[in-house]
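All remarks here apply to the structure that follows.
The values are calculated or read from the model by the stated rules, or taken from the named source; none is laboratory data. Because the structure is predicted, anything quoted here is derived from the model rather than measured. Neighbour counts run over all protein chains shown; Cβ positions are idealised from the backbone, glycine included.
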Amino acid sequence: MFDSRIMADNRQRIQYCFPDNNLSCFKDIKPEVEYVFLYVLISLLSVLTVFLNLLVIISISHFKQLHTPTNLIILSLAVADLLVGLIVIPLMGIRFIESCWYFGETFCSLFLFIVFVVVSASLGNLVFISVDRYIAVSDPLRYTVRVTTDKVVFCIIINWLCSSIYSLIILYNTMFYPETHDRCYGNCTVSFNFEHVVTDLLVTFVVPSFVIMFIYVKIFCVAKHQAKVVNSVAGVSRSERKAAKTLGIVVMVYFMCWIPYYIVILIEGNESTESVELNVTCWIVYTNSCMNPLIYALFYKWFRITAKHIVTLKILNPSSEYFSIFPKAT
């Protein structure tokens, strides 16, 4: 009698993602209040990320005055952040809350591919932004000749293409041979050995980050020199330095969100279970996609103006794409 009661209690506490499958993963049981709170929180984060990045995308796409090479790279970054809010956050949220993957092996492979592409493309966009700002600050008089829309579009295409190829290579076994990974049914994670972790860290974070930091140090030195010596182009230099400073904050926030994640990855190595620290740092990374538009809102007057036009539906007016976004020189 006593043993049967214990067995019944265990069956209540232990559930499976797919009860009819002998290879099913275990499902963590949470209190109902916790379920509701987490679903509401993740839904709000997803909606806010999608909404804010849509404002950036619509602003740059719609208003003619914003059709500049720099803004095209910002547009590409916003597209990557939009995909995070639209796909990554909701699906990762469901997997985190339910502790199960209910969407099948095929979509798991596609989902992991999207995650890696978005991450790689985001950092690639930041590299191009850094190069663009360096040229604008160091050679403002020839900037429009050296940096053209066609060149920037080509760089953006190459960035997304290289990100896709790299993601395909590093996820090849996971995507095409999932049976080689020792994982239960209902799990959707990437199993890397330590060598793969280090390789991914170097390719998608350390090397690009070093390039970005090196370029921004040069931007700082050039801007400091211009502030002392160059007076004839003071207005132009001031404007370009302000843009470089704003986008530098975007880069700094990106690093602040990603560095804790990679520290945890290196410490934990190839552990099969996801720790609390890993989950926390992962969600810090996802919130970065929501922060970039907030930074634009704080530092870019044009974004506040265009966002107001979009929210109030003024962009539906005839010739709204020709609205004056910069009524006064600043």
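Structure above, values below:
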read-out	value
Residues of region 140-175 classified as in a loop (DSSP other than H, G, I, E, B) and either within 18 Å of the chain's Cα centre (by Cα) or surrounded by fewer than 14 Cβ atoms within 10 Å (Cβ to Cβ) (or both), total	1
Qualifying positions in region 288-330 - touching a residue at least 12 places away in the same chain (Cβ under 8 Å) and either touching a strand residue (DSSP E or B) at 6+ places or on another chain (Cβ under 6 Å) or in a loop (DSSP other than H, G, I, E, B) (or both)	TYR300, PHE323, SER324, ILE325, PHE326, ALA329, THR330
Close pairs (9 angstrom Cβ cut-off, 6 or more residues apart or separate chains): closer than 13 Å to ILE284 by Cα in region 258-272, modelled with pLDDT under 75 and assigned to a loop (DSSP other than H, G, I, E, B) anywhere	VAL264/SER275
Given (1) surrounded by fewer than 17 Cβ atoms within 10 Å (Cβ to Cβ); (2) of a type in the set (Ser, Thr, Tyr); (3) under 21 Å from ARG304 (Cα atoms), index of the condition SER59 fails	(1)
Matching residues in region 271-314 - criterion: being farther than 17 Å from LEU75 by Cα and under 20 Å from the mean Cα position of the chain (by Cα)	GLU277, LEU278, ASN279, VAL280, THR281, CYS282, TRP283, ILE284, VAL285, TYR286, THR287, LEU298
Which numbered condition PHE214 fails, given (1) closer than 16 Å to LEU123 by Cβ; (2) modelled with pLDDT under 70	(2)
Scan of region 21-50 for residues that are among the aromatic types (Phe, Trp, Tyr) and touching a Gly at 6+ places or on another chain (Cβ under 8 Å), ordered by number	TYR39
Pair list, Cβ under 9 Å, 6 or more apart: region 197-214 residue exposed (fewer than 14 other Cβ atoms within 10 Å of the Cβ), other residue not in a helix (DSSP H, G or I)	THR199/PHE192
Hey, LEU45 in contact (Cβ under 8 Å) with a residue 12 or more places away in the chain and surrounded by fewer than 24 Cβ atoms within 10 Å (Cβ to Cβ) or not	yes
Residue within region 94-104 that is touching a Gly at 6+ places or on another chain (Cβ under 7 Å), modelled with pLDDT under 90 and buried (at least 18 other Cβ atoms within 10 Å of the Cβ) present	yes
Residue in region 260-270 that is modelled with pLDDT of 80 or more and closer than 20 Å to ILE219 by Cβ present	no
So PHE107, is it modelled with pLDDT of 90 or more, out of contact with any His (no Cβ under 8 Å at 6 or more places or on another chain) and in a helix (DSSP H, G or I)	no
Enumeration of residues in region 176-192 that are over 18 Å from PHE18 (Cα atoms), of a type in the set (Ser, Thr, Tyr) and either modelled with pLDDT of 75 or more or not in a loop (DSSP other than H, G, I, E, B) (or both)	THR180
Pairs, first touching a residue at least 12 places away in the same chain (Cβ under 8 Å) and under 16 Å from THR148 (Cβ atoms) in region 71-84, second acidic (Asp, Glu) and in a helix (DSSP H, G or I), C-beta under 8 Å, six or more apart	ILE73/ASP132
Residues of region 21-37 classified as modelled with pLDDT under 80 and loosely packed, with under 10 Cβ neighbours inside 10 Å, total	1
